[in-house]
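> I'd like to ask you about the structure that follows.
The values are calculated or read from the model by the stated rules, or taken from the named source; none is laboratory data. For clarity, every value in this text was computed on a predicted model and none was experimentally measured. Please note: Cβ atoms are built from the backbone with ideal geometry, for glycine as well, and neighbour counts cover all protein chains shown.
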Amino acid sequence: MNAAEIAGQPSFVVLQIGKRRFALPSDTVVELAPPVRLHRFPHASALLSGVIVRRGRIVPVYDAASLLVGNSSLTQRFYLIARRRVGESADFGAIPVNGECELASGEMLVPAQDRPAYVTGTLSVNGESIDVLDFTTLAALNVPVAGKPSRTELPS
């Protein structure tokens, strides 16, 4: 537990994807890893760009930029590795980030009802409103690649 959480304020990792900033609860973030070789393979999900090997684990990489900012993240400075719930257990996944990350604390506000399910709230940092992401929901999306059938439907 960090000092901000002890004072009653939850903490978040603020990350940059494209030109926008997003946040994840700090207790879900495992590490910020340098870019390593991305292993690609055929699949039917536009969000899954491949896997990396980190600390002896195979970690799926989700190119959230295509969903969050409208274009793929071709360059990244780091992989943000976070925990996600898979049934009753937890697993790791990574998001390529292309800017600086910072630790911020504050009260998360409930977002408007028209926000996607993977946005669980908003955080105000220096007057900027930042969407707080639910990594489990984001990683579970199965957005089909154009022209390829999808095994599951996109959650509503």
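> Return the residue satisfying two criteria in turn: it lies in region 70-102 and is touching a Ser or Thr at 6+ places or on another chain (Cβ under 6 Å) and at pLDDT 90 or above, and of such residues it is surrounded by the fewest Cβ atoms within 10 Å (Cβ to Cβ).
Within region 70-102, the match that is surrounded by the fewest Cβ atoms within 10 Å (Cβ to Cβ) is Arg83.
> Only one residue in Ser26, Ser105 is farther than 16 Å from Phe135 by Cβ and modelled with pLDDT of 90 or more. Which one?
Ser105
> Quick one: in region 117-128, of everything that is surrounded by fewer than 17 Cβ atoms within 10 Å (Cβ to Cβ) and not hydroxyl-bearing (Ser, Thr, Tyr), which residue is nearest to Arg54 (Cα to Cα)?
Per the criteria, the residue is Ala117.
> What strands (runs of 3 or more DSSP E) lie completely within region 32-136 and have 1 or more residues being closer than 17 Å to Lys19 by Cβ?
78-86, 89-97, 102-105, 119-125, 128-133
> Now a separate question. Output the qualifying pairs, or none if there are none: Cβ atoms under 9 angstrom, residues six or more apart or on different chains, first residue in region 40-62 and over 14 Å from Gln76 (Cβ atoms) and β-branched (Val, Ile, Thr), second residue at pLDDT 85 or above and not in a strand (DSSP E or B).
Taking only residues 6 or more apart or on different chains, the pairs are Val51/Leu38; Val51/Arg40; Val53/Val36; Val53/Arg37.
> Please go through region 58-69 and pick out each residue that is surrounded by 20 or more Cβ atoms within 10 Å (Cβ to Cβ) and touching a helix residue (DSSP H, G or I) at 6+ places or on another chain (Cβ under 9 Å).
Once the filter is applied, which keeps residues that are surrounded by 20 or more Cβ atoms within 10 Å (Cβ to Cβ) and touching a helix residue (DSSP H, G or I) at 6+ places or on another chain (Cβ under 9 Å), region 58-69 yields Tyr62, Ala64, Leu68.
> Going through region 47-71 one residue at a time, which ones are farther than 22 Å from Pro111 by Cα and touching a Leu at 6+ places or on another chain (Cβ under 8 Å)?
Leu47, Ser49, Gly50, Val51, Ile52, Pro60, Val61, Tyr62, Asp63
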